[in-house]
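Asker: Pasting a structure below so you can have a look.
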Amino acid sequence: MKLEALERYLNSFGKQVVNRAKGNLQKAKGGDTALEKSITFTVTEDKGVLSVKFKMAAYGKFVDKGVSGTEKERSFKDYKGNTLKSPFGYKKSKGHSQPPTKALDKWIVKKGIAPRDAKGKFMSRKSIKF
């Protein structure tokens, strides 16, 4: 009987945490995002021990804790209210500060961007990646 009551409590707790997380995302990013839809929880039992497991899309940790840029540091508050520096960030590579062109190439193709010169002749994507 005690296990059932604890399971009901943990389900209630899980719903509350998920609802708050989704509410925070709605305030920050607007509603109906893929990340918001990915946030779930489950209550599991193993050998008489109950636990709550929360899941979200992998990139949620970057949204949650922020990503420091090359010039600005991001921070977040932990569950105790302490402000901590984000563990994620961009780094300037030697002499370069732009993203890898391979990633841009995929985006250019996906968006259907086709560069043309002044005469209307197609150019290589390589020229607009930079």
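The values are calculated or read from the model by the stated rules, or taken from the named source; none is laboratory data. The structure presented is a predicted model; accordingly, all values stated were derived computationally and were not measured. Using ideal geometry, Cβ is built from the backbone for each residue, glycine included, and neighbour counts are taken over all protein chains shown.
Asker: Identify the single condition in (1) within 16 Å of Val18 (Cα to Cα); (2) hydrophobic (A, V, I, L, M, F, W, C); (3) not assigned by TED's automatic domain parsing to the domain that holds Glu4 that Phe41 does not satisfy, given that it satisfies every other one.
Answerer: (3)
Asker: Hey, among Lys102, Lys91, which residue is modelled with pLDDT under 85, within 26 Å of Ser124 (Cβ to Cβ) and loosely packed, with under 11 Cβ neighbours inside 10 Å?
Answerer: Lys102
Asker: Just to be sure I understand, how many residues within segment 24-45 are β-branched (Val, Ile, Thr) and in a helix (DSSP H, G or I)?
Answerer: Number satisfying all stated conditions: 0.
Asker: Could you tell me whether Thr33 is hydroxyl-bearing (Ser, Thr, Tyr) and under 30 Å from Phe122 (Cβ atoms)?
Answerer: Considered against the rule, which asks whether it is hydroxyl-bearing (Ser, Thr, Tyr) and under 30 Å from Phe122 (Cβ atoms), Thr33 comes out as no.
Asker: Search segment 1-56 for residues being more than 21 Å from the chain's Cα centre (by Cα) and of a type in the set (Asp, Glu), and hand back the single one that is surrounded by the most Cβ atoms within 10 Å (Cβ to Cβ).
Answerer: Glu7
Asker: When only residues in segment 57-72 that are more than 19 Å from Thr83 (Cα to Cα) and among the hydrophobic types (A, V, I, L, M, F, W, C) count, which is surrounded by the most Cβ atoms within 10 Å (Cβ to Cβ)?
Answerer: Ala57
Asker: From the set of residues in segment 46-64 that are part of a helix (DSSP H, G or I) and in contact with a Leu (Cβ under 8 Å, 6 or more places away or on another chain), which is nearest to Leu6 (Cα to Cα)?
Answerer: Gly60
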